[in-house]
Amino acid sequence: MESALYPIQNKYRFNTLMNGTWQFETDPNSVGLDEGWNKELPDPEEMPVPGTFAELTTKRDRKYYTGDFWYQKDFFIPSFLKKKELYIRFGSVTHRAKVFINGHEVGQHEGGFLPFQVKISNYINYDQTNRVTVLVNNELSEKAIPCGTEEILDNGQKLAQPYFDFFNYSGIMRNVWLLALPQSQITNFKLNYQLANNKATITYNIEANNNAEFKVTLFDNQKEVACATSKNTSSLTIKNPHLWSPNDPYSYKIKIEMLEDGKTVDEYTDKIGIRTVKIVNDKILLNNHPIYLKGFGKHEDFNVLGKAVNESIIKRDYECMKWIGANCFRSSHYPYAEEWYQYADKYGFLIIDEVPAVGLNRSITNFLNVTNSNQSHFFASKTVPELKKVHEQEIKEMIDRDQRHPSVIAWSLFNEPESTTQESYDYFKDIFAFARKLDPQNRPYTGTLVMGSGPKVDKLHPLCDFVCLNRYYGWYVAGGPEIVNAKKMLEDELDGWQNLKLNKPFVFTEFGADTLSSSHRLPDEMWSQEYQNEYYQMYFDIFKKYPFICGELVWNFADFKTSEGIMRVGGNDKGIFTRDREPKDIAFTLKKRWQQLN
Ligand code: GCB
């Protein structure tokens, strides 16, 4: 990636959004490149960006379209931008993209949930209309994350078969910017904080495309509080720092100036929150105090929008999460649009940031095979080296992008992979070793363990700084009248973990029951609102007994779209809120509980 910095405007940097109407065409036989579609699409239709065709169409074959498809847009570049380096930055393209400017390929990117930018200056015609074309592909395989496979239907159509349950939405679903940047430019900067004796030391490391000097200034309410001029790395110290926390999400402003021969050639400003995150014994410490995580596993998901970014949804979700007394969510199962993290910094939310490593288990009946400890020896397959490269690249891009957000307190490197085989341990040993070199703040690394990967068989918990459990006793296993057995199963498992004396924190990162907002039952039955309440009460009663449990992230914040199947009624209905963000009964129980829990 050329730069991980979020677009800003100042004297040196300009950008404009390229969102809106683009041209769009599917290419089921992948003939586009041979036929010159990178110059002109033969028969396009209009498509909004950000957006996803799957939510806009009325036709089933379009909704499930799998394969290559193209986007195209014309834009004007005035000659007063000649002295600038020009780029197009995509918030994400799902799952992979090749970008052309006026027919010339200028870059490619693998991974549907992270930004990338391509340099376009070399192919631009100034004072004229230019054309950007993007060839997108949304197929799933075991060579890239998230994982899945593909079926060819009797009519010849490809159909993606995800090894995960959320709908495989694809396309250009995040913002697209045109960037005009200086030739010598800052490309990223990383910060680390140390707190001691009422002082905060902020160590910085600046990345740039040229050797230069950098002036770094820290402001508190417009007032300068510290300043240093140095090569790319040095530190600043401030007295009596005002720390960032969920109760008081306080921010400072940092300004970085890039100096060549004493002259400023680039400048980047950002808000930062000073705070530390550490694991000590079985506690997670924020600013050296234990915290208890209350909140959700989420999705980027909404009616008509699919996974397309929309700030109104983001704001509504934070308002709902504040209302209910939550302080945390996991970006299950992929890094979300950057705007989510900016809001979290401001609203005082904690995020477990997850790479899109979901479906590493070869199970298209969702995760049930893995849950039953069926081993498909996923990590013994020939494609694993390729997969590992992509997985590592996405970890790097996620950390490069998100490392400065005070809201990000941990990195999740996997969701429910096969985890009981030696091969899975070997794979993740390398993944963790790779990731541990990347975060200057050395935040905790973790991943979520599937049901069935319990204390006796799991091979991955030794790699994790805290252990995350996704558990569905009382839903997929021992549901309804068997809930008494579910209680015993959960207790037995937790006793098992306790007996291992790991001295590590545990967080429940998923537990939940599908619930129809229209269903009420007395006595309660599965799928009713009453059952969702009973289910959660059972977990909460048990949590009290295990002091190493440091968090409860319920599954899911809201109902969300999935592939169709007998396990889903219009989608996954485990939401605490409905898909249109209205509370189910359980929301009031959680509100009462979380407002009392510290
Ligand atoms: C899981 C998965 C999650 C599913 C959930 C469910 O374990 O991590 O992606 O949505 O179960 O509801 O089945």
Margin query: It is to be established whether one or more residues within the range 109-116 are surrounded by fewer than 22 Cβ atoms within 10 Å (Cβ to Cβ), modelled with pLDDT of 95 or more and either outside the structural domain of N19 (by the TED database) or farther than 16 Å from Q393 by Cβ (or both).
Written below: no
Checklist line | Residue that is nearest to P78 (Cα to Cα) [pool: residues in the range 135-186 that are within 16 Å of the ligand (Cβ to nearest atom) and of a type in the set (S, T, Y)] | finding: Y169
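Restricting to the range 308-342, name every residue that is part of a loop (DSSP other than H, G, I, E, B), among the small types (G, A, S) and within 18 Å of M173 (Cα to Cα).
Of the range 308-342, the ones part of a loop (DSSP other than H, G, I, E, B) are 308-310, 325-327, 331-337.
If we keep only those that are among the small types (G, A, S) as well, we get 308, 325-326, 331-332, 337.
Once the filter is applied, which keeps residues that are part of a loop (DSSP other than H, G, I, E, B), among the small types (G, A, S) and within 18 Å of M173 (Cα to Cα), the range 308-342 yields A308, S331, S332, A337.
Among the candidates I172, I152, I202, I120, which residue alone is touching a Leu at 6+ places or on another chain (Cβ under 9 Å) and either within 27 Å of M18 (Cα to Cα) or not β-branched (V, I, T) (or both)?
Details: I172 fails: touching a Leu at 6+ places or on another chain (Cβ under 9 Å); I152 fails: either within 27 Å of M18 (Cα to Cα) or not β-branched (V, I, T) (or both); I202 fails: either within 27 Å of M18 (Cα to Cα) or not β-branched (V, I, T) (or both).
Within the list I172, I152, I202, I120, the selection yields I120.
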Next item on the list: Looking only at the range 490-518, count how many residues are under 21 Å from V477 (Cβ atoms) and away from the ligand (no atom under 16 Å from the Cβ).
Entry: 8
Item checked: Selection from the range 525-570 of residues that are away from the ligand (no atom under 15 Å from the Cβ) and either in contact with a strand residue (DSSP E or B) (Cβ under 6 Å, 6 or more places away or on another chain) or not assigned by the TED database to the domain that holds L500 (or both) -> Q529, F543, F548, I549, C550, G551, E552
Notebook entry, point to check: Which one of R436, R443 is closer than 15 Å to F466 by Cα and surrounded by fewer than 18 Cβ atoms within 10 Å (Cβ to Cβ)?
Noted result: R436
Next item on the list: Would you mind telling me which numbered condition in (1) closer than 18 Å to C328 by Cβ; (2) within 11 Å of the ligand (Cβ to nearest atom) F577 fails?
Entry: (2)
Notebook entry, point to check: Any idea how many residues of the range 410-442 are polar (S, T, N, Q) and touching a helix residue (DSSP H, G or I) at 6+ places or on another chain (Cβ under 7 Å)?
Noted result: 2
Check: Among strands (runs of 3 or more DSSP E) lying entirely in the range 207-294, which contain 3 or more residues that are among the small types (G, A, S) and in contact with a strand residue (DSSP E or B) (Cβ under 8 Å, 6 or more places away or on another chain)?
Finding: 223-230
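Regarding A200, is this residue out of contact with any Gly (no Cβ under 8 Å at 6 or more places or on another chain), in contact (Cβ under 8 Å) with a residue 12 or more places away in the chain and not assigned by the TED database to the domain that holds E338? Talk me through it step by step, then tell me what you get.
Details: out of contact with any Gly (no Cβ under 8 Å at 6 or more places or on another chain): yes; in contact (Cβ under 8 Å) with a residue 12 or more places away in the chain: yes; not assigned by the TED database to the domain that holds E338: yes.
So A200 passes the test.
Quick check, is Q157 of a type outside the set (D, E), modelled with pLDDT of 95 or more and surrounded by fewer than 15 Cβ atoms within 10 Å (Cβ to Cβ)? I'd like the intermediate steps shown before the answer.
Details: of a type outside the set (D, E): yes; modelled with pLDDT of 95 or more: yes; surrounded by fewer than 15 Cβ atoms within 10 Å (Cβ to Cβ): no.
Against the criterion (of a type outside the set (D, E), modelled with pLDDT of 95 or more and surrounded by fewer than 15 Cβ atoms within 10 Å (Cβ to Cβ)), Q157 does not qualify.
Would you confirm, using the coordinates I've provided, whether S563 is farther than 25 Å from I351 by Cβ, at pLDDT below 95 and surrounded by 18 or more Cβ atoms within 10 Å (Cβ to Cβ)? Don't jump to the end; show me each part of the working.
Details: farther than 25 Å from I351 by Cβ: yes; at pLDDT below 95: yes; surrounded by 18 or more Cβ atoms within 10 Å (Cβ to Cβ): yes.
So S563 fits the description; yes.
Mind counting the residues in the range 411-437 that are free of Cβ contacts under 8 Å to residues at least 40 places away in the same chain and either within 16 Å of the ligand (Cβ to nearest atom) or more than 21 Å from the chain's Cα centre (by Cα) (or both)? Step through it out loud before you land on a result.
Initially, the range 411-437 is screened for residues free of Cβ contacts under 8 Å to residues at least 40 places away in the same chain, giving 422, 425, 428-429, 432-433, 436-437.
Adding the requirement that they be either within 16 Å of the ligand (Cβ to nearest atom) or more than 21 Å from the chain's Cα centre (by Cα) (or both) leaves 422, 425, 429.
Summing the residues that are free of Cβ contacts under 8 Å to residues at least 40 places away in the same chain and either within 16 Å of the ligand (Cβ to nearest atom) or more than 21 Å from the chain's Cα centre (by Cα) (or both) in the range 411-437 gives 3.
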Notebook entry, point to check: Given (1) away from the ligand (no atom under 15 Å from the Cβ); (2) buried (at least 20 other Cβ atoms within 10 Å of the Cβ); (3) modelled with pLDDT under 95, where does M451 come up short, assuming only one miss?
Noted result: (1)
Checklist line | Qualifying residues in the range 311-367 (those that are more than 17 Å from the chain's Cα centre (by Cα) and small (G, A, S)) - the one modelled with the lowest pLDDT | finding: S363
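The values are calculated or read from the model by the stated rules, or taken from the named source; none is laboratory data. Quantities reported herein were computed from a predicted structural model and do not represent experimental measurements. Ideal geometry is used to build each Cβ from the backbone, glycine not excepted, and the neighbour counts take in all protein chains shown.
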